[in-house]
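Data first, discussion second: the structure below is written as structure tokens.
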Amino acid sequence: MARVAVVTGGSRGIGRAICEGLQQDGFTVVANYAGNDAAANQLKADTGIPSYKFDVGDHEASLAGCKQIEAEVGPIDVVVNNAGITRDGTLHRMSFEDWNEVMRINLGGCFNMAKAAFPGMRERGWGRIINIGSVNGQAGQYGQVNYAAAKSGIHGFTKALAQEGAKFGVTVNAIAPGYIDTDMVAAVPEPVLEKIIAKIPVGRLGHAEEIARGVRFLCSEDAGFVTGSTMSINGGQHMY
Ligand code: CAA
């Protein structure tokens, strides 16, 4: 029977590319999303991949959402924690709400989904958790104390949970994307983005499929000895 993979924030951008890539690799893929019904419907129409709507930053909603997925689709073998938001602004202009929302969704979402899926993976002796961090969690970024802190937290979360999962056949890894041509990056003001691209040695934005390929490897049997690692896919922007 095909393994079940849940991709949070799976209806658009990097998440959608991950959904499609894992489907090609033979997983039964389920997307989670928070708000964009049109994108979720499009994903279903194009690929047949179903979406479950819940806020990964909401602990109870995440537990209930994963329970529903397990009842309707099957035990969750793979979780890709991809859902994330930005609320950019310099600290002196950033509200507590902007801080808290980014921490709640980007970092809290990883905890909530792992709480829901890790026990079953542990019992069955096989699992893959892939957390999508960011170059900005590794290097920091002007105007992103919230996002950089949350993404940096994801890297610590990954290394800690990897140690807990190892003896149960559950690997936990992170991918740190650089600037990828998604809606999130398109929202960065043009002159700011131009300066950022100028500092990327490869000389361009990345593509969502280039992140998906890393996820596909980490989800494969071949990656059974890889755990607690961070794969940086950033065009050489930050060599960590
Ligand atoms: N380093 C130093 N100074 C900087 C700077 C930087 N990187 N960026 C801007 N500044 C300076 C500017 O030069 C300017 O200084 P002066 O007033 O002396 O000219 C001052 O900061 C204000 O700059 P802005 O006009 O841009 O200020 P703003 O308040 O309108 O906007 C901001 C601030 C919202 C942070 C805006 O600069 C911005 O959106 N920056 C992009 C942040 C970013 O890269 N976000 C990534 C989103 S994508 C993502 O996060 C995905 C991923 O994982 C990679």
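Derivation of every value follows stated rules applied to the coordinates shown; laboratory data play no part. Since the model is a prediction, treat every value here as computed from it, not as a measurement. Cβ placement follows ideal geometry from the backbone for every residue including glycine, while neighbour counts extend to all protein chains displayed.
Here Lys195, Lys151 are placed in order of increasing Cβ neighbour count within 10 Å, fewest first, which gives Lys195, Lys151.
Starting from the Cα coordinates of the stretch 4-229, work out the convex hull volume and express it per residue in Å³.
Values: hull volume 27.1 nm³, N = 226.
Each residue corresponds to 120 Å³ of Cα convex hull volume.
Please state the relative contact order of the chain as a whole percent: Cα pairs under 8 Å, 6+ residues apart? Don't skip to the answer; put the middle values down first.
Values: 478 pairs, mean separation 46.6, N = 240.
Taking the mean separation of contacting Cα pairs over the length of the chain, I get 19 percent.
Arranged from fewest to most other beta-carbon atoms within 10 Å of their beta carbon, Phe96, Phe168, Phe54 become Phe96, Phe168, Phe54.
Count Lys and Arg as plus one, Asp and Glu as minus one, and take only other residues whose Cβ is under 13 Å from that of Gly120; the net charge is then +3. The packing ranking of peptides 229-235, 1-7, highest mean first, is 1-7, 229-235, where packing means the average number of other beta carbon atoms within 10 angstrom of each residue.
Between Glu72 and Glu221, the simple spin-label model (points 7 angstrom out along Cα→Cβ) gives 3.1 nm. Using the Cβ of Asn81 as centre and a radius below 12 Å, the other residues enclosed give a net charge of +3, where K and R count +1 and D and E count -1.
With runs of 4+ DSSP H residues as the only contributors, calculate the mean residue ellipticity of the chain at 222 nm using -39,500 (n - 2.57) per run, divided by the residue total and rounded to the nearest 500. Provide the component values of the computation, followed by the final result.
Values: 10 runs with 112 residues, N = 240.
Computed mean residue ellipticity for the chain: -14000 deg cm²/dmol.
Work through the residues other than Tyr33 whose Cβ is under 14 Å from its Cβ and net out their charges, Lys, Arg +1 and Asp, Glu -1. Let's see the in-between values first.
On the way: positive: Arg12, Arg16, Lys44, Lys53; negative: Asp37, Asp55, Asp58, Asp183.
Net charge around Tyr33: 0.
Rounded to the nearest 10 degrees, the angle from helix 59-72 to the longest Cα principal axis of the chain is 40 degrees.
Could you state the angle between the C-alpha long axis of helix 145-165 and the longest principal axis of the C-alpha atoms of the chain, as a value from 0 to 90 degrees rounded to the nearest 10? With rounding to tens, the tilt is 30 degrees.
Which angle from 0 to 90°, rounded to the nearest 10, does the C-alpha axis of helix 108-124 make with the longest principal axis of the chain? Helix 108-124 sits at roughly 30 degrees to that axis.
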